[in-house]
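Worksheet: one structure, shown below.
Bear in mind these aren't lab numbers, they're just calculated from the coordinates by the rules spelled out. Just so we're clear, the structure is a prediction, and the values are computed from it rather than from any experiment. Cβ placement follows ideal geometry from the backbone for every residue including glycine, while neighbour counts extend to all protein chains displayed.
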Amino acid sequence: MDTKLLSKEKKLVNKEKFKTVGCDFKYSNNVTIEALGYNKRAWLKFKNNKIALISLFLLTIILSISFTSPIWAADQIYTIEDAKGLSYLGEGNIDVNFKILKSRELLKKNFGLPNASPSSQHIFGTDRHGVDIFANTFVRLRLSLYLGIVVALLNTFIGIIYGTISGYMGGIIDDIMMRVIEVISSIPNILLISIIVIVIGNSFKSILIAMALLGWCKTAMIVRGKVCQLREQEFIIASKALGADRERIVIAHMIPNIMPLAMTAFSDDIPSVILDEAMLSCIGLGIRVPYYTLGKMLFSYSDSSVLFFYSYQIILPSLVLALVILLFQYVATALTDAFDPNIIY
């Protein structure tokens, strides 16, 4: 049976079907392959991850809409200046009759009908004061993103310094510093933040400081593990042998090698901070007015009348919040995989 198949293949493939087009031996020994560095390999792996690219594209669109919202949505929502001028307790808890507020010169806004359903004019509908929920969502998301980015930057900065010192020094110093992290990590993060906010207040700066004081532990542990690995590498040992001091080794060799991991931790911290702030708002410890985050906006819409009769007012902004967190998580996971040398696409 096999001999018959071979004979058929020989009949199908013969020399007449091929021809020599010439060959040039001039460059036969010059095999050139482009050298790919660590960062370039990581970018190629990230670029091959289609889900990550789509997530990054959608995230860029949402961020662009959010950060430009004061330009296109200023006449459709309450601004911080309105809140300061009228001294109200929050959009969901206005202690003055809305008709009086609307007659003020300060609030000559382009409001719609109260509790209007989603339409082409108001994509997410309007709330009980006629405020456009779509515009309100992205304006409030802007402050949530600002809080998430600033806290993530502080967490990354503290984590890099703490983890580098712990991993490079080793010995008893490393043991003590790791025990501190274990103690902080053993207590739920949201509980510690709540205690700090109750003690020092719930202003924007207070919540920012509380989250930054407690959110660096994960980054520090990641950085410490990488530094412990780098400490035994040949180029570090060679630098020590050539007389390089401790500061030069850390700045010139350690920091550049841990920056990719730090960047991954930074992108992973942003959604965590946004979610923690939303949870604080839900238990009444969110940022106080005039600052108004997306979490606090959702809390103001969470009364029973909205949930039963106008559920879209809380469902649609909640979907935006969930989508932003999910996209950040996808990008962070893709960055982790891209900078992992053991994963090959």
Could you give the semi-axes, largest first, of the ellipsoid that matches the stretch 116-201, computed as the square roots of 5 times the alpha carbon gyration tensor eigenvalues and rounded to whole Å? 44, 16, 10
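Specify whether the C-alpha gyration tensor of the stretch 206-312 places it in the rounded, prolate or oblate class, a ≥ b ≥ c being the square roots of the eigenvalues: rounded for a/c under 1.5, otherwise prolate if a/b is larger than b/c and oblate if not.
The shape class here is prolate.
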How far apart, in nm, are the 7 Å Cα→Cβ label points at Ser206 and Cys282? 2.2 nm
Tell me the label-point distance for the pair Asp245, Ile54, using the 7 Å Cα-to-Cβ offset, in nm and rounded to one decimal. 5.3 nm
Using label points projected 7 Å from each Cα along Cα→Cβ, tell me how many nm separate Asp340 and Ala238, to one decimal. 2.9 nm
Please rank Leu44, Leu298, fewest neighbouring Cβ atoms within 10 Å first, as an exposure proxy. Leu44, Leu298
Per-pair calculated FRET efficiency, R0 = 35 Å: Ile198 and Ser117 via Cβ, rounded to 0.05: 0.35
Long-range amide H partners of His129, meaning residues 5 or more apart or on another chain whose placed amide H is closer than 5 Å, are Asn115
Using the number of other C-beta atoms within 10 angstrom as an exposure proxy, rank Cys217, Cys282 with the fewest first. Cys282, Cys217
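Mind giving me the FRET efficiency for Met178 and Ile315? R0 is 41 Å, r the Cβ-Cβ distance, nearest 0.05 is fine.
With R0 = 41 Å, the Cβ-Cβ based efficiency is 0.40.
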